Each structure stands twice: as structure tokens, then as C-alpha cells.
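Novice: Dropping a structure here in C-alpha cells format, bear with me for questions.
The values are calculated or read from the model by the stated rules, or taken from the named source; none is laboratory data. On a predicted model such as this, the values are computed, not experimentally measured, just so you know. Here the Cβ positions follow ideal geometry from the backbone for every residue, glycine too, while neighbour counts run over all protein chains shown. Surface areas here come from the heavy atoms of the whole protein model, side chains and all, with no ligands, DNA or RNA. Shrake-Rupley method; radii C 1.70, N 1.55, O 1.52, S 1.80 Å.
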Amino acid sequence: VQLQASGGGLVQPGGSLRLSCAASGSIFSILAMGWYRQAPGQQRELVARITRGGSTAYADSVKGRFTISRDNAKNTVYLQMNSLKPEDTAVYYCQLLTPDAMDYWGKGTQVTVSS
């Protein structure tokens, strides 16, 4: 299974970005897909997750600003990030979780929020 993330970049505070992550390979079943982030010197943290059935979960720090969605037919997950803050600066990683507890990770995409 391969995960290809895209959409990162440099944006000013208050701006928006949309991340995409497409899964390919031998995918038999997906339990959930999600986004994590890791800032320099900090642990990787969950940003948002969405199950195949559409249930979502968000970190408190992004609630009301970020929206996760997915296209099951394309095995793709999206993260719409609005009202970005400098503290959102991090490398964002896509994760895929299978029903048998296997997890796969993408290489990460850099998001920098700065004026």
C-alpha cells in the first residue's frame, strides 16, 4: 500500500490549504484514514480521522477550522484547513488503518504558516 500526500505549502496566517492523500496498491479494506502532524521537537499528533462510514474525529486545536473528508471510490482523503495559524506549522502525514490493525503512512507534506 502506498500513500501519496500533496497540497502542502507556505500560507499566511488566516489563509487556507487543502491536503490530499491518495492510497494505492493492494487495498482490500480500509477502516479509517487520517492526518497526523509533527512540528519540530514535538511528538506526532492526530489532527483528524475519518472512518469508512464517515465518522470523524478532530484534535481540539483544529475543531471548527479543519474539515476531513474522503472519497471511498478513489481511496482518497482530504483535509481542508481554514483560518490557519502559525502553530499549525508542521509536517502533515497521512495514515491508513485497516480492520486487521495494519497501518500505513505517507511521506508527509510540509505546511508552513507565516507572514
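Novice: What percent do you get for the relative contact order of the chain when only Cα pairs under 8 Å and 6+ apart count?
Specialist: Details: 281 pairs, mean separation 42.4, N = 115.
Once normalised by length, the contact order is 37 percent.
Novice: As a test question: what accessible area, to the nearest 10 Å², does residue 71 have when a 1.4 Å probe is rolled over all protein chains in place?
Specialist: 50 Å²
Novice: In addition: With label points built 7 Å along Cα→Cβ from the Cα atoms of residue 6 and residue 71, find their separation and express it in nm.
Specialist: Placing both labels 7 Å beyond Cα along the Cβ direction yields 1.1 nm.
Novice: Moving on to the next point. Of the heavy-atom accessible surface of the range 29-115 (probe 1.4 angstrom), what whole percent is carbon and sulfur?
Specialist: Numbers: 2110 of 4480 Å².
Heavy-atom surface of the range 29-115 belonging to carbon and sulfur, 1.4 Å probe: 47 percent.
Novice: Where in the range 70-107 does the label zone of residue 114 land, with the point 7 angstrom along Cα→C-beta and an amide N cut-off under 14 Å?
Specialist: What the label zone holds, given the 14 Å backbone N cut-off, is 86-91.
Novice: Can you work out the accessible area per residue across the range 35-87, with the rest of the protein chains kept in place, probe 1.4 Å, in square angstrom?
Specialist: Numbers: 2960 Å² over 53 residues.
Dividing the accessible area of the range 35-87 by its residue count gives 56 Å².
Novice: Sort 107, 74 from largest to smallest accessible area, using a 1.4 Å probe on the heavy atoms of the protein chains.
Specialist: On the way: 107 190, 74 130 Å².
Largest accessible area first, the residues go 107, 74.
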